[in-house]
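Have a look at the structure below, then the notes.
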């Protein structure tokens, strides 16, 4: 075989290889061919963990649900408080006559104020109802017609709590007042008013003061109790009759 023949055969083989390469590499790839596919992470339990985006969305949804629940609770509380507004007689005294008033004050701490919404919530938790004269009252359970055991007013004029503007209300103190005679004896009324004032002071981070605006101490509490015991004994004693003249 001559050299010329060998050269022709070599050129033919090289041409066939080139054509085969063009055909192979020129074919369109199938979708995904030539790409690395990431494996899906699988937990030990065989389930897929949520992505960061899914977790953020879930937490946001939970936050919205909690916020809606809180707003609904506040709305229901405000509606219950306003029930007394529609019935202005709720907490009204049976008679306007009285012969003694016992007063306590719940004051904010120095440099602070009591805020309207906080007062409403504290009053609700302490078992007070909103009613006559736009103030709060403690009533006898199942017998509101007997009038208030005691009432709670704002020390700022006019003394009422305006529920239409309660969000903006600020006051240095509120007053607890027990007007005697009450629908229960005086000592029982006091034993109801004192722990209520103390409970609201805890809720509002305030301090309880006596009628002279001094810190209410044990000695003053004992003195008030003695006064009210004497008041009850006096009212229970039969009236004195004048001796008959001969």
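Look at (1) over 20 Å from residue 93 (Cα atoms); (2) more than 21 Å from the chain's Cα centre (by Cα) and you find that residue 169 fails only one, number (2). Annotation: of all residues in the stretch 98-131 being buried (at least 19 other Cβ atoms within 10 Å of the Cβ) and out of contact with any helix residue (DSSP H, G or I) (no Cβ under 8 Å at 6 or more places or on another chain), the one that is farthest from residue 206 (Cα to Cα) is 105. One residue is enough: does the stretch 131-154 have a residue meeting the conditions at pLDDT 95 or above, touching a strand residue (DSSP E or B) at 6+ places or on another chain (Cβ under 6 Å) and more than 20 Å from residue 182 (Cα to Cα)? For the stretch 131-154, residues at pLDDT 95 or above, touching a strand residue (DSSP E or B) at 6+ places or on another chain (Cβ under 6 Å) and more than 20 Å from residue 182 (Cα to Cα): present.
Answer yes or no: is there a residue in the stretch 183-190 that is crowded, with 19+ Cβ neighbours inside 10 Å and within 27 Å of the chain's Cα centre (by Cα).
Of all residues in the stretch 183-190, those crowded, with 19+ Cβ neighbours inside 10 Å come to 186, 189-190.
With within 27 Å of the chain's Cα centre (by Cα) added as a condition, the list becomes none.
No, because not a single residue in the stretch 183-190 is crowded, with 19+ Cβ neighbours inside 10 Å and within 27 Å of the chain's Cα centre (by Cα).
Scan the stretch 132-148 for residues that are more than 21 Å from residue 107 (Cα to Cα) and either part of a loop (DSSP other than H, G, I, E, B) or in contact with a helix residue (DSSP H, G or I) (Cβ under 9 Å, 6 or more places away or on another chain) (or both) and report the count. Summing the residues that are more than 21 Å from residue 107 (Cα to Cα) and either part of a loop (DSSP other than H, G, I, E, B) or in contact with a helix residue (DSSP H, G or I) (Cβ under 9 Å, 6 or more places away or on another chain) (or both) in the stretch 132-148 gives 8. With respect to residue 177, is the statement that it is within 19 Å of residue 122 (Cα to Cα), assigned to a loop (DSSP other than H, G, I, E, B) and at pLDDT 95 or above true? Here the answer is no, as residue 177 does not meet what is asked.
Considering only the stretch 117-130, how many residues are within 17 Å of residue 199 (Cα to Cα) and touching a strand residue (DSSP E or B) at 6+ places or on another chain (Cβ under 7 Å)?
If we filter the stretch 117-130 for residues that are within 17 Å of residue 199 (Cα to Cα), which is where we start, we get 117-129.
Restricting the remaining residues to those that are touching a strand residue (DSSP E or B) at 6+ places or on another chain (Cβ under 7 Å) gives 119, 123, 127-129.
So the count comes out to 5.
The values are calculated or read from the model by the stated rules, or taken from the named source; none is laboratory data. Source: prediction; values computed, not measured. Here Cβ is always computed from backbone atoms with ideal geometry, including for glycine, and neighbour counts include all displayed protein chains.
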